[in-house]
Amino acid sequence: MKSSSTPAAAADERLVVEHAGLRRRLASMLYESLLLMGVLALVFLVPWLILGVAFELAPPGWLAWIHVIAALGLYFIWYWRRGGQTLAMQTWRLRIVEAHSGRPATLSQCLLRYLVAWPSVLCFGAGLLWALIDRERQFLHDRLAGTCIVLLPGKTGMPK
């Protein structure tokens, strides 16, 4: 069995982090939407059911939207800042980093990315379609926030 303790062998074993492909990022978003149903059930549906059933309160609809946007914002920003990955991104080996340095995204970048992602996705996916014309295939909200999504190296023997 050959040992890889020499510096030359260690250099050969280094894996390069690359920009994540568009299909992988879209698949991750689809999976994320499924996971978000559980997150929203816990942090949105349960409290509103308790308010309605226990206290017979029906807060206005605008407050419900603020609650949803704030809950999702806390979820995304917390995960992006904690390790650069949401639960779905961990499954697909994706991570959000600063576009130019590769370091973890800052809090302001995460907040901007989250806020700009709403119109990017809700305006008929225009910010997602932007990736088709972007020179690095980045989504518009990543381009505006100065972030990018990279593909993490897999374990040895794992398919890409």
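The values are calculated or read from the model by the stated rules, or taken from the named source; none is laboratory data. This structure is a prediction, so every number in the text was calculated from the model and none was measured. Counting neighbours? That spans all protein chains shown, and the Cβs are built from the backbone with ideal geometry, glycine included. The protein model used for the area step is the full one, side chains on, heavy atoms only, and it has no ligands, DNA or RNA in it. Shrake-Rupley method; radii C 1.70, N 1.55, O 1.52, S 1.80 Å.
Note on segment 111-137: residues that are in contact (Cβ under 8 Å) with a residue 40 or more places away in the chain and not aliphatic (A, V, I, L, M) total 4. Among helices (runs of 4 or more DSSP H) entirely within segment 81-160, having at least 2 residues that are over 15 Å from Ala27 (Cα atoms) and open to solvent by less than 70 Å² (accessible area, probe 1.4 Å) singles out 107-122, 126-129, 140-145. Among the candidates Leu63, Leu57, the residue that is free of Cβ contacts under 8 Å to residues at least 60 places away in the same chain, part of a helix (DSSP H, G or I) and of a type outside the set (Ser, Thr, Tyr) is uniquely Leu63. When we screen Ala131, Ala126, Ala145 for residues that are in contact with a Ser or Thr (Cβ under 8 Å, 6 or more places away or on another chain) and modelled with pLDDT of 95 or more, the only hit is Ala126. For segment 37-53, the condition of being assigned to a helix (DSSP H, G or I), open to solvent by 40 Å² or more (accessible area, probe 1.4 Å) and in contact with a Ser or Thr (Cβ under 7 Å, 6 or more places away or on another chain) holds for none of the residues. Checking each residue in segment 76-111 for being within 10 Å of the chain's Cα centre (by Cα) and under 19 Å from Phe44 (Cβ atoms) picks out Phe76, Ile77, Tyr79, Thr86, Leu87, Ala88.
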